[in-house]
Each structure stands twice: as structure tokens, then as C-alpha cells.
Amino acid sequence: MVSQQGKVVVDEKFKLFSGSANRPLAEEIGRALHVPLGQAALGRFSDGEIYFQILENVRGADVFVVQPCCNPVDQHLVELLMMIDAFKRASAWRITAVVPYYCYARQDRKDKPRVPISAKLVADLLETAGASRALTMDLHAPQIQGYFNVPVDHLFATPVMVDYFAKHPKQYTVVSPDAGGVERTRFFGKKINAPLAIMDKRRVEINVAEVMNVIGDVRGRPALVSDDMIDTAGTLVKTTEALLEHGATEVSACCTHAVLSGPAVERISKSKLTEVVVTNTVPLTPAAQACGKIRQLSVANLLARGIQSIHEESSISELFI
């Protein structure tokens, strides 16, 4: 690993492993820490069941397992649970689930009768499997941290986004796509010295939203929509249309998690969006990689610094001051 003074420190009790969800991100984190990924066998039985075996000694080790629970969500979640269980049974000292993209975060409360609180269920599953703590990034709802009974370190992609937009300065108005994202967008806006606007929308069904109004002044300025994730991009495209109708000169967007499911890439390609800036918490599909409007930034160094702070028992909040 690399110490705060920049010196490489070899620590045999530090172990970094990766699932299959986003191995390139885990490898990049490993390079940032000067630590190779741990040796393990990960495969499937003929019926699709997951097979996992650790191929090195982890007894008494501080283990970090990198696995965003992205598409296929359930497969990668079960894979993570089995990996954690294996490390627990191999007598690892501490197991940190590094989940850059936390699945089921949108189901964080009972907003309708007879529905599950799936975000809480995922937290319970991780703890039951044997996770000692969790490290995640830009949760859809920050209160999900409270669903865990073990420590949770919640990172933000804001420093990476701020660095990018500082190199491409415009007199943006930052826009929160809904009321729930106002705090996150306001913080981002302060970092790039931009005023805030808010979209007033009404969701009519799952993955379908109708934009109703723009709260704030975007006339004569470029707008930058900031969100934690883009899924089908339906809301984003409608937000773009509303902002242009209200006088914005152009519309760009940024998000941490590029889920981009279903018709998302096609919608972005055909939309009037100038640019969509995302991170690599979720790997891009070939179609998204080929889309000229989508630009991907890396959060590997940020995650590596978070992992290092956990291992060294130093402050993580210093990363965001």
C-alpha cells in the first residue's frame, strides 16, 4: 500500500479481492494501492449456481471485497454474499464489502402498501454473510447507512466531478432532477460556484416520470443536471426538454452510477443533451462506450483512498473537505 507520505508499505495482512461485476475497477484500485488482487476461483456450475474458492491464506487478514451489485443485479449480489461467507469461514480478521453501486437502494421505504424495504434487506444479507463493515458511494438515499448495524463509510464522487468541470468551466446552473437530490446537488453547486435549480416532477409509474415545472432561473445559462444514477434516462430526457423550454442555452448531465438499462443509451443519443458525464462504479455496455455523448471518469483513486483510510484507521471525511 501507499502511506500518506507516498511510500509503498507492504502489509501482508491487507488483502484486496474482486468479484466478476467490475474487475477492471478493482484492478485499478489495486494499482493505486500498489497491491495485487487476491487469488480466487470464481465460476458457475452447469445449472448456474455460483462456485467460489479462495486460493491463498487470509487467516487474520483485513479483507476488502470489491463488487458493485450491477446488472445482473441478483447474480452479483449472491456472488458477493458467497465471497463474504467464504472469507468469514477462512478466519479473516475483518471483511469490508466495497460496494460502489448499492443495489435496491431505490426501495428504501414503504411508499405503497404491501411492498418490501429492499435496501434494508440487502444490508441484513451483507451482515448475515459476515461483512464487518461496508464502503459504498453515492447512495440513492443517505439514510440507508442507518439500515446497517456495522460501520458504513459513504463516499461521494463529487471531487472527481468537480475536477472534471473545473477543467471545462462554464457558467452553469446546477439542476436537481427531484426534491430528494437537492442536498447533493447544492453541495456540488457550491464546489463549482453555480446556482441551484430544482425540477418539480410527478412519478406516474415505475421508470416513468412526468416533469411538471422548473424551480429556479435557468434562462440564458447552460444547465447541468446532477443525479446519483441514470437508469432508463426517461427522466433525464424529459428534464432536458423542460430546461430548454425554460430558456437554458444547453443541457449537460452528470451522475455517479451509469446503470443505463433498457433504452437509455438510445434515448441519450437522440436527445438534445450536450454531454453526460458518468463514473466507472458500473461498467459501461458496448453501446454506452460507443455513444459520443457519454464520458466516463474513474473513481478508483477515490475508492483506493477510502480503503486505505479504513485499513490505517484514519479519517475518511478529510477526502471531502
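For the stretch 146-162, how many residues are closer than 19 Å to ALA300 by Cβ and either among the hydrophobic types (A, V, I, L, M, F, W, C) or modelled with pLDDT of 95 or more (or both)?
Our first condition is that a residue be closer than 19 Å to ALA300 by Cβ; within the stretch 146-162, this holds for 153-162.
Keeping just the survivors that are either among the hydrophobic types (A, V, I, L, M, F, W, C) or modelled with pLDDT of 95 or more (or both) gives 153-157, 160-162.
Matching residues across the stretch 146-162 total 8.
Residues of the stretch 270-321 being touching a Lys or Arg at 6+ places or on another chain (Cβ under 7 Å) and surrounded by fewer than 18 Cβ atoms within 10 Å (Cβ to Cβ), which ones?
GLU275, LEU319
Does at least one position in the stretch 117-135 carry a residue that is part of a loop (DSSP other than H, G, I, E, B) and either more than 15 Å from LEU81 (Cβ to Cβ) or among the basic types (Lys, Arg) (or both)? Spell out how you get there, then give the answer.
Taking the stretch 117-135 and keeping what is part of a loop (DSSP other than H, G, I, E, B), we get 117, 130-132.
Then drop every residue that is not either more than 15 Å from LEU81 (Cβ to Cβ) or among the basic types (Lys, Arg) (or both), which leaves 117.
Yes - at least one qualifying residue is present in the stretch 117-135.
Would you confirm whether or not the stretch 67-90 contains a residue that is over 22 Å from the mean Cα position of the chain (by Cα) and part of a loop (DSSP other than H, G, I, E, B)? Steps first, answer last, please.
In the first step, residues of the stretch 67-90 are kept if they are over 22 Å from the mean Cα position of the chain (by Cα); the result is 85-90.
If we keep only those that are part of a loop (DSSP other than H, G, I, E, B) as well, we get 90.
Yes - at least one qualifying residue is present in the stretch 67-90.
Within the stretch 195-204, does at least one residue satisfy the condition of being closer than 30 Å to GLY262 by Cβ, in a helix (DSSP H, G or I) and charged (D, E, K, R)? Even if it seems obvious, please write down each step before you answer.
Taking the stretch 195-204 and keeping what is closer than 30 Å to GLY262 by Cβ, we get 196-204.
So of that shortlist, the ones also in a helix (DSSP H, G or I) come out as none.
Checking the stretch 195-204: not a single residue is closer than 30 Å to GLY262 by Cβ, in a helix (DSSP H, G or I) and charged (D, E, K, R).
Take THR235 and decide whether it is in contact (Cβ under 8 Å) with a residue 24 or more places away in the chain and surrounded by fewer than 20 Cβ atoms within 10 Å (Cβ to Cβ). It would help to see each step written out before you state the result.
Numbers: in contact (Cβ under 8 Å) with a residue 24 or more places away in the chain: yes; surrounded by fewer than 20 Cβ atoms within 10 Å (Cβ to Cβ): no.
Taking the combined requirement at face value, the residue does not satisfy it.
Mind checking whether some residue in the stretch 164-180 is at pLDDT 95 or above, out of contact with any His (no Cβ under 7 Å at 6 or more places or on another chain), part of a helix (DSSP H, G or I) and not polar (S, T, N, Q)?
yes
For the stretch 46-78, which residues satisfy the criterion of being of a type outside the set (A, V, I, L, M, F, W, C) and buried (at least 21 other Cβ atoms within 10 Å of the Cβ)?
As a first pass, look at the stretch 46-78 and keep what is of a type outside the set (A, V, I, L, M, F, W, C): 46-49, 51, 53, 56-57, 59-60, 62, 67-68, 71-72, 74-76.
Correct list: GLN67, PRO68, HIS76.
The values are calculated or read from the model by the stated rules, or taken from the named source; none is laboratory data. Worth saying up front: this structure is predicted, and the values here are computed from it rather than measured. Neighbour counts are summed over all protein chains in view; Cβ atoms, including those assigned to glycine, are modelled from backbone coordinates with ideal geometry.
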